[in-house]
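In what follows, a structure is listed as structure tokens, so that the remarks can point back to it.
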Amino acid sequence: MAKEGIMHQMAKQTKQAVAEADIVVFIVDGRQGLTPHDKTITDFLRKSGRSVMLVINKSEGMKYTSVAADFYELGLGDPYVISAAHGDGVMDLVDESLNLAFAQRPSDTDDQDTHHRGVKIAIVGRPNVGKSTFVNTVLGEDRVIAFDMPGTTRDSIEIPFEREGRHYTLIDTAGIRRRGKVFEAIEKFSVVKTLQSISEANVVLLLLDAQQDISEQDAHIAGFVLESGRALVVGVNKWDGLTSDKRDEIKMDLERKLSFLSFAKFHFISALKSTGIGPLMKSIDAAYIAAMADLTTPKLTRALIEAVEHQQPRRKGSIRPKLRYAHQGGQNPPIVIIHGNALDSIEDNYKRYLEKHFRDTFSLTGTPLRIEFRSSKNPFARN
Ligand SMILES: Nc1nc2c(ncn2[C@@H]2O[C@H](COP(=O)(O)OP(=O)(O)OP(=O)(O)O)[C@@H](O)[C@H]2O)c(=O)[nH]1
Ligand SMILES: [Mg+2]
């Protein structure tokens, strides 16, 4: 087995997956027949003490007895014969493996809950910025593959964990490349999975690479996050080994290129050297709390009245919009719904003014905030 490099890392991950599994589905190639490699893997699986289901794939159009005969030698019992490409036998296999897994578990009552508990954090960014390294550093073990090659992570992986008594689920995702460059089907799949992870998360951690230029692509990904409405923390990674001039330059660059993320906290970290992680996790907690804030109608209305007293919306012709009261329409992101009359004539900069006022009043750092207007249907309101 390879001693270093990505093959070695993959083998390590496989061993770990086996160690953590309830059932191992061991797939062999029915066209190729039994190979020495299959025997080596069987020895390894036997030592692991896991329940193993032997599955012979690529067996479309073949007789059970003739395909299976070869593999009895492995001593893993009756093999399941399937064709993954054609779908033959696959659903039965899944059912069977689940039955076996549940039969083995004495109590799995709140397993589902445990799995979904806590703050869901999606770690996103360009390929190779250090997302998987970050996950491993936070967990304190090599749980996912980190490697100096863009495109190492191909699919989102969710890992529940606990830190200082709090529950989280970290979601390592595939790096997102420039849109025009996503040609291969597998890359499209990866991007779709990453976008899905963003929408399922509570907080997104956007990682940037301080040892590369802040690019359009970073801004593009940030745009996705903003659209999704999820809370956001930015980690400027690979902060190790940079001169102070270079650091100043990057900070200026960030202000110029990512000014639209001013609602979020920025942290300068090294996932590799494990610096800056604690404060960043605190900002994630804070962003989550802000995103889930309960804003009562009296408090929101008071803040609204304050804002209007300080600065009125502009008239449009003879009409002046009238803002009456506000209530909360949602969380993660917080949505403030403002009721009144002629609210469609409110200008964008007044909307931004209101947003800032609510943000300051309720300390909503780290989360987007949405404001919606509902005008009363009263036909006399405009007179
Ligand atoms: N100097 C330095 N290198 C880092 C740091 N974090 C990660 N790296 C290196 O960057 C390379 C890529 O790391 P990964 O964690 O695999 O990056 P990724 O974002 O998961 O990449 P994809 O899965 O391809 O999207 C590896 O060689 C890491 O060792 C850091 O803080 N400092
Ligand atoms: Mg990765």
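Computed from the coordinates by the stated procedures, all read-outs in this text should not be read as laboratory data. Just so you know, these numbers come straight off a predicted model, no measurement behind them. Virtual Cβ from ideal backbone geometry, glycine too; neighbours counted across all protein chains shown.
Here is how the numbers come out for the structure above:
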quantity: Under 17 Å from LYS12, Cα to Cα: lysines that are on another chain or at least 8 residues apart; calculated: LYS3, LYS47
quantity: Share, in percent, of DSSP beta bridges within the chain that are antiparallel, nearest 5; calculated: 35 percent
quantity: Normalised contact order of segment 5-107, rounded percent, pairs of Cα under 8 Å and 6 or more residues apart; calculated: 26 percent
quantity: Percent RCO, i.e. relative contact order, over the chain, from Cα pairs under 8 Å lying at least 6 residues apart; calculated: 11 percent
quantity: Beta bridge orientation in segment 112-290: antiparallel %, DSSP, nearest 5; calculated: 30 percent
quantity: Protection proxy ranking, peptides 158-165, 123-130, average beta carbon neighbours within 10 Å, highest first; calculated: 123-130, 158-165
quantity: Unsatisfied cross-links (Cα-Cα over 28 Å) in the set LYS257/LYS351; LYS131/LYS282; LYS15/LYS193; LYS257/LYS299; LYS15/LYS120; LYS131/LYS246; calculated: LYS257/LYS299
quantity: Relative contact order computed over segment 297-375 (Cα-Cα under 8 Å; 6+ residues apart), in percent; calculated: 32 percent
quantity: Highest to lowest packing among 309-316, 89-96, scored as the average C-beta count within 10 Å; calculated: 89-96, 309-316
quantity: The chain: calculated mean residue ellipticity at 222 nm from DSSP helix runs of at least 4, using -39500 (n - 2.57); calculated: -12500 deg cm²/dmol
quantity: The chain: C-alpha pair distances exceeding 40 Å, %; calculated: 34 percent
quantity: Kyte-Doolittle mean at least -1.0, axial Cα span of 15 Å or more - DSSP H helices of the chain; calculated: 5-20, 90-104, 185-200, 216-228, 277-291, 297-310
